Amino acid sequence: MHPAPSHRTRPLDILVVANLGLGPAFRANAGLYLHAARQRTPHVGVLDLSREAIWLDDPPHARFVLMLDKDASTAEALRTDGAQVVNSPEAILACDDKRRTDARLVGAGLTVPRSVLLPPLYPKQPIDPGVLEATVRHVGLPLVVKEAKGSFGSQVHLAETLDDLIDIASALADRRLLVQRFIASSRGRDRRLQVARDRVVAAMERRQRHDFRANLSAGGAGYPYWPSRREQTLAIEAARAVGAENAGVDLLIDDDGEGSIVCEVNANAHIWRLSAITGIDVAAAVLDQLLGPSR
């Protein structure tokens, strides 16, 4: 018989929620936050979503809940007795759907690539080629096609021609698709800024020579980066637009070399590589911002 999880045997100051069954990268990410949390208080627990169910009539209780997973329902269930949940269910939902993220960013007046939401189709429902032709006229070629849900860049596609767009959209139409102008000046390059409650605590530039995506998981390399005041302000405003208090904001690079275009906002961004590349204890910096400096 498994022992009772720590969050059921004593009151907690901090509860870290993660799916540790997804692999080493997820365990490493959670490990950094757990180490930083345990430097603040001994009353730290882990809710491993790969092994534990949530009892809605008796959920875990903690003063502060750090969500490292996209399950907004779990975040909602843990928002009890005045617990502070970061990120909130609303922020998780806004970031987990790239179409919703883009709508929030545009609504906040921030600069994003010119974007089009393709019709939300259902399985076996064909897409109208005329819609795709109009999209190309509006956005231009090449263009980027993003599935609404996805991580690590694997659900992002490049269409060089109208035929490419037709093939991609036809194969993925029921996934809910966002089409964006391809920013050529940022091909294989972007900047990740980690924002914690209105402050950028760490940043890196990602570069990839063999792919249009800069993701480290796609073979890119990361380098420490010191963002300009303008880039910091933009990243903070992007996090605010989706309601995220702990977010990895990706900026695309314009012709002048400035990260002036918001690409995405990640509500559960991994920080283990950012920490290694920058030499910054990102987890501690995030918790200092969210909870106040440790004593």
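The values are calculated or read from the model by the stated rules, or taken from the named source; none is laboratory data. Because the structure is a prediction, the values reported are computed rather than measured. Neighbour counts run over all protein chains shown; Cβ positions are idealised from the backbone, glycine included. To get the accessible areas, we keep the full protein, side chains included, count just its heavy atoms, and leave off ligands, DNA and RNA. Shrake-Rupley method; radii C 1.70, N 1.55, O 1.52, S 1.80 Å.
Taking Cα pairs under 8 Å and at least six residues apart, what relative contact order does segment 1-158 come out at, in percent?
18 percent
Rounded to the nearest percent, how much of the accessible area of segment 158-207 (1.4 Å probe, protein heavy atoms only) is carbon and sulfur?
Ligands and nucleic acids excluded, carbon and sulfur reach 40 percent.
State, as an integer percentage, the relative contact order of the chain based on alpha-carbon contacts under 8 Å between residues 6 or more apart.
Worked out over the chain, it gives 17 percent.
Can you tell me the accessible area per residue over the chain, all protein chains present, probe 1.4 angstrom, in square angstrom?
Value for the chain: 48 Å² per residue.
Once amide H atoms are placed 1.01 Å from N in the peptide plane, what residues at a sequence separation of 5 or more from L158, or on another chain, have their amide H within under 5 Å of its amide H?
V145
Sorted by mean Cβ packing within 10 Å, highest first, what order do the peptides 237-249, 138-150, 275-287 take?
Most protected by this proxy first, the peptides run 237-249, 275-287, 138-150.
Using a simple charge model, +1 on the beta-carbon of Lys and Arg, -1 on the beta-carbon of Asp and Glu, nothing else, what dipole does segment 33-107 show about its Cα centre, in debye to the nearest 20?
For segment 33-107, the charge dipole is close to 380 debye.
Hey, can you grab everything whose amide H is under 5 Å from the amide H of H43? Only 5+ residues off in sequence or another chain; H modelled, so Pro and N-termini drop out.
Amide H to amide H, under 5 Å and 5 or more residues apart or across chains, H43 pairs with D13.
Quick one: Karplus J couplings for segment 27-37, per residue in order, coefficients 6.51, -1.76, 1.60, θ = phi - 60°, nearest Hz, x for Gly and Pro?
5, 5, 5, 5, x, 5, 5, 5, 4, 5, 5
Determine the calculated [θ] at 222 nm for the chain from helices alone, applying -39500 (n - 2.57) to every DSSP H run no shorter than 4 residues and normalising by the residue count; nearest 500 deg cm²/dmol.
So the calculated ellipticity at 222 nm is -9500 deg cm²/dmol.
If packing is taken as the average number of other Cβ atoms within 10 Å across a peptide's residues, how do 264-270, 252-258 rank, most packed first?
Put in order of decreasing packing, that is 264-270, 252-258.
So what does log10 I(q)/I(0) come out to for segment 197-288 at q = 0.16, 0.25 Å⁻¹, using the Debye formula with one equal point on every Cα and no solvent?
After summing over all Cα pairs, the log10 values are -0.64, -1.57.
Please state the shape class of the chain: rounded when a/c is under 1.5, otherwise prolate if a/b exceeds b/c and oblate if not, all from the C-alpha gyration tensor.
In terms of gyration-tensor shape, prolate.
Toward the positive end of the charge dipole of the chain, about the Cα centre and with charges on Cβ (Lys, Arg +1; Asp, Glu -1), which of V16, F182, A36 goes farthest?
The residue sitting most towards the positive pole is A36.
Tell me, what HN-Hα J-couplings in whole Hz come from the Karplus equation 6.51 cos²θ - 1.76 cosθ + 1.60 at θ = phi - 60° for each residue of segment 61-72, using x for Gly and Pro?
These are the phi-based 3J(HN,Hα) values: 10, 8, 5, 9, 10, 9, 8, 10, 9, 8, 7, 5 Hz.
Among T111, Q84, T101, which residue has its Cα furthest toward the positive end of the charge dipole of segment 77-128, with +1 on Lys/Arg Cβ and -1 on Asp/Glu Cβ?
Value: T111.
Skipping prolines and chain starts, which residues have an amide H placed within reach, meaning under 5 Å, of the one on G150, given they are 5 or more residues away or on another chain?
Those qualifying (amide H under 5 Å, at least 5 residues apart or on another chain) number zero.
Using alpha carbon centroids, what distance separates segment 121-158 and segment 211-265, in Å?
Measuring centre to centre over Cα atoms gives 22 Å.
Using the Cα centre of the chain as the reference point, and only Cβ charges (+1 on K/R, -1 on D/E), how large is the resulting charge dipole? Debye, rounded to the nearest 20.
About 600 debye.
Using alpha-carbon pairs under 8 Å, 6+ residues apart, how would you state the relative contact order of segment 47-116 in percent?
Relative CO of segment 47-116 lands at 23 percent.
Please report, largest first and rounded to whole Å, the three semi-axes of the ellipsoid equivalent to segment 218-268, where each semi-axis is the square root of five times an eigenvalue of the C-alpha gyration tensor.
18, 15, 10
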